[in-house]
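Take a look at the structure set out below.
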Amino acid sequence: MEHFENRILRPIRVFTEGATLDGLLNAHLDWRTQDELNIAGRPMLTISSPLVVEGTMRLSQGPLQINKSAILFATEIPDLGAELGSGTSEPFTAKFDHSVIRLELGGYDIEGYVYTTRNGDAMTRLNLASHPFIALTMTTITGRGIELRLPFVAVNRFHVVAAQELFGISMMEEGAAGSAS
């Protein structure tokens with residue numbers, strides 16, 4: 001990753017209905033990818049060095065702007081064009097309440113952990129309209145000929161066709177084992 005004054009070029013992969021694209025997101029140094037996606041004042045996401053990984057999209061030289069409403073989900077990647085495998089993602093260590101949810105959107109099934117407020121539930125998080133993208137960790141993505149395990153995915157809630165909470169875990173105290181609900 002290249003660093004610029006308070007900015008960083010972060011490689012990301014963006015999944016849309018018609019194409020999967022890699023590019024460099026020029027993000028604020030202290031912000032997560034999800035923060036950049038959720039900036040309401042900017043409906044377009046700009047990526048540099050765009051590369052079509054799958055599908056079709058005519059690209060010319062220079063940055064590409066993608067309408068955020070067209071993004072199904074996005075993830076951080078090690079480098080442009082990186083092969084994302086079906087390996088394991090980082091071990092999950094939670095200090096907060098969380099739920100495992102399954103989402104169906106655009107021909108993909110995504111399962112992963114979503115953080116919730118104390119005694120909250122994942123379905124409430126999906127209904128919060130203030131941020132269009134919701135973060136899932138320890139995700140499994142299947143569909144359209146792929147099966148991936150990724151540590152982080154930002155999912156555009158406006159493309160979610162169906163959602164189901166598989167189970168929730170409430171943390172009794174930091175480091176304590178949770179109980180299924």
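The values are calculated or read from the model by the stated rules, or taken from the named source; none is laboratory data. Here the structure is a predicted model, which means the values were calculated and not measured. With ideal geometry, Cβ positions are generated from the backbone for all residues, glycine too; neighbour counts draw on all protein chains shown.
Filter the stretch 75-94 for residues that are surrounded by 12 or more Cβ atoms within 10 Å (Cβ to Cβ), in contact with a Pro (Cβ under 8 Å, 6 or more places away or on another chain) and at pLDDT 60 or above and give the result.
Answer for the stretch 75-94, where residues must be surrounded by 12 or more Cβ atoms within 10 Å (Cβ to Cβ), in contact with a Pro (Cβ under 8 Å, 6 or more places away or on another chain) and at pLDDT 60 or above: E76, I77, L80, A82.
What is the one condition in (1) basic (K, R); (2) touching a Ser or Thr at 6+ places or on another chain (Cβ under 7 Å); (3) modelled with pLDDT under 90 that R13 does not satisfy?
Going through the list (1) basic (K, R); (2) touching a Ser or Thr at 6+ places or on another chain (Cβ under 7 Å); (3) modelled with pLDDT under 90, R13 breaks only (3).
Restrict the check to the stretch 96-116 and report whether at least one residue is loosely packed, with under 12 Cβ neighbours inside 10 Å and either among the β-branched types (V, I, T) or at pLDDT below 90 (or both). If you could, list the steps in order and put the result at the bottom.
As a first pass, look at the stretch 96-116 and keep what is loosely packed, with under 12 Cβ neighbours inside 10 Å: none.
Checked the stretch 96-116: no residue is loosely packed, with under 12 Cβ neighbours inside 10 Å and either among the β-branched types (V, I, T) or at pLDDT below 90 (or both).
Only one of (1) touching a strand residue (DSSP E or B) at 6+ places or on another chain (Cβ under 6 Å); (2) farther than 19 Å from D79 by Cβ fails for H28. Which number is that?
Result: H28 fails condition (1) only.
Could you tell me how many of the residues in the stretch 38-54 are farther than 20 Å from D79 by Cβ and out of contact with any Pro (no Cβ under 7 Å at 6 or more places or on another chain)? Don't jump to the end; show me each part of the working.
The first filter runs over the stretch 38-54 and keeps only residues farther than 20 Å from D79 by Cβ, leaving 38-44.
Now restrict to residues that are out of contact with any Pro (no Cβ under 7 Å at 6 or more places or on another chain): 39-44.
Total satisfying the criteria: 6.
Go through (1) assigned by TED's automatic domain parsing to the domain that holds R7; (2) at pLDDT 90 or above one by one and return the number of the condition S60 breaks.
Among (1) assigned by TED's automatic domain parsing to the domain that holds R7; (2) at pLDDT 90 or above, the lone unmet condition for S60 is (2).
Results for (1) farther than 29 Å from T142 by Cβ; (2) under 14 Å from the mean Cα position of the chain (by Cα); (3) β-branched (V, I, T), shown as yes or no for each residue.
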position: I8; (1), (2), (3): yes, no, yes
position: I12; (1), (2), (3): no, yes, yes
position: E17; (1), (2), (3): no, no, no
position: G23; (1), (2), (3): no, no, no
position: N26; (1), (2), (3): yes, no, no
position: D30; (1), (2), (3): yes, no, no
position: E36; (1), (2), (3): no, yes, no
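Within the stretch 32-86, work out how many residues are part of a loop (DSSP other than H, G, I, E, B) and small (G, A, S). Give the steps one after another, and end with the answer.
Just the residues of the stretch 32-86 that are part of a loop (DSSP other than H, G, I, E, B), to begin with: 32, 38-43, 56-63, 77-86.
Still in the list and also small (G, A, S): 40-41, 60, 62, 81-82, 85-86.
Qualifying residue count for the region: 8.
Matching residues to (1) charged (D, E, K, R); (2) closer than 17 Å to F133 by Cβ:
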position: I8; (1), (2): no, no
position: V14; (1), (2): no, yes
position: A19; (1), (2): no, no
position: D22; (1), (2): yes, no
position: H28; (1), (2): no, yes
position: R32; (1), (2): yes, yes
position: L37; (1), (2): no, yes
position: G41; (1), (2): no, yes
position: P50; (1), (2): no, no
